[in-house]
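Everything on this sheet refers to the single structure shown next.
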Amino acid sequence: QVQLVESGGGLVQPGGSLRLSCVASGSIFRINAMGWYRQAPGKQRELVARITSGSTTNYAGSVKGRFTLSRDNVKNTVYLQMNSLKPEDTAVYYCHVQERNLNYWGKGTLVTVSS
């Protein structure tokens, strides 16, 4: 089993920044990918950004140029730096880890972008 602990959500004004962190712990043999998804009210969960073990990073088109995903392999931690936040970025953000062929999800952290 792998446990994920997320932190860094909160309320921010449009144009502001937030940094999300997700630490993976437990029975970790090989992490194939880490990343973040989000789910806004009334919408389906969507990929925000994802990084593979080979350091290939994918971003949703709506966040490219504003969000940056990074990973600390030693700490089994993934970070999402979110800049130039917009009201439409408001959602619950979920950490996702693929450990071998198993998928794990965090409980989610709420990001609210509002003036």
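The values are calculated or read from the model by the stated rules, or taken from the named source; none is laboratory data. From a predicted model like this one, the values you see are computed outputs, not experimental measurements. Don't worry about glycine lacking a Cβ; one is built from the backbone with ideal geometry, like all the others, and counts go over all protein chains shown. Remember, those area values only see protein heavy atoms, side chains included, never the ligands or the DNA or RNA. Shrake-Rupley method; radii C 1.70, N 1.55, O 1.52, S 1.80 Å.
Scan the range 51-58 and give yes if some residue there is open to solvent by less than 50 Å² (accessible area, probe 1.4 Å) and either assigned to a loop (DSSP other than H, G, I, E, B) or closer than 15 Å to residue 6 by Cβ (or both), otherwise no.
Checking the range 51-58: not a single residue is open to solvent by less than 50 Å² (accessible area, probe 1.4 Å) and either assigned to a loop (DSSP other than H, G, I, E, B) or closer than 15 Å to residue 6 by Cβ (or both).
If I ask for residues that are polar (S, T, N, Q) and either assigned to a strand (DSSP E or B) or crowded, with 18+ Cβ neighbours inside 10 Å (or both), which ones from the range 7-44 would you list?
Those that are polar (S, T, N, Q) and either assigned to a strand (DSSP E or B) or crowded, with 18+ Cβ neighbours inside 10 Å (or both): 7, 21, 25, 32, 39.
Pick out the one residue from 21, 70, 84 that is over 19 Å from residue 108 (Cβ atoms) and within 11 Å of the chain's Cα centre (by Cα).
70
Looking at 64, 43, which is the one that is out of contact with any Lys or Arg (no Cβ under 9 Å at 6 or more places or on another chain), within 17 Å of residue 111 (Cα to Cα) and at pLDDT 95 or above?
Numbers: 64 fails: within 17 Å of residue 111 (Cα to Cα).
None of the others qualify; the one that does is 43.
Being in contact with a helix residue (DSSP H, G or I) (Cβ under 7 Å, 6 or more places away or on another chain) and surrounded by 19 or more Cβ atoms within 10 Å (Cβ to Cβ) is the filter here; which residues of the range 96-115 pass it?
Result: 111, 113.
So if I check each of 80, 47, 69, which one is in a strand (DSSP E or B), without any contact (Cβ under 8 Å) to a residue 24 or more places away in the chain, of a type in the set (A, V, I, L, M, F, W, C) and surrounded by 14 or more Cβ atoms within 10 Å (Cβ to Cβ)?
Working: 80 fails: without any contact (Cβ under 8 Å) to a residue 24 or more places away in the chain; 69 fails: without any contact (Cβ under 8 Å) to a residue 24 or more places away in the chain.
When all the criteria are applied, what remains is 47.
Which ones in the range 83-95 are in contact with a Gly (Cβ under 8 Å, 6 or more places away or on another chain) and open to solvent by less than 30 Å² (accessible area, probe 1.4 Å)?
Once the filter is applied, which keeps residues that are in contact with a Gly (Cβ under 8 Å, 6 or more places away or on another chain) and open to solvent by less than 30 Å² (accessible area, probe 1.4 Å), the range 83-95 yields 85, 93, 95.
Has the range 97-109 got any residue that is on the phi < 0 side of the Ramachandran plot, at pLDDT 95 or above and charged (D, E, K, R)?
yes
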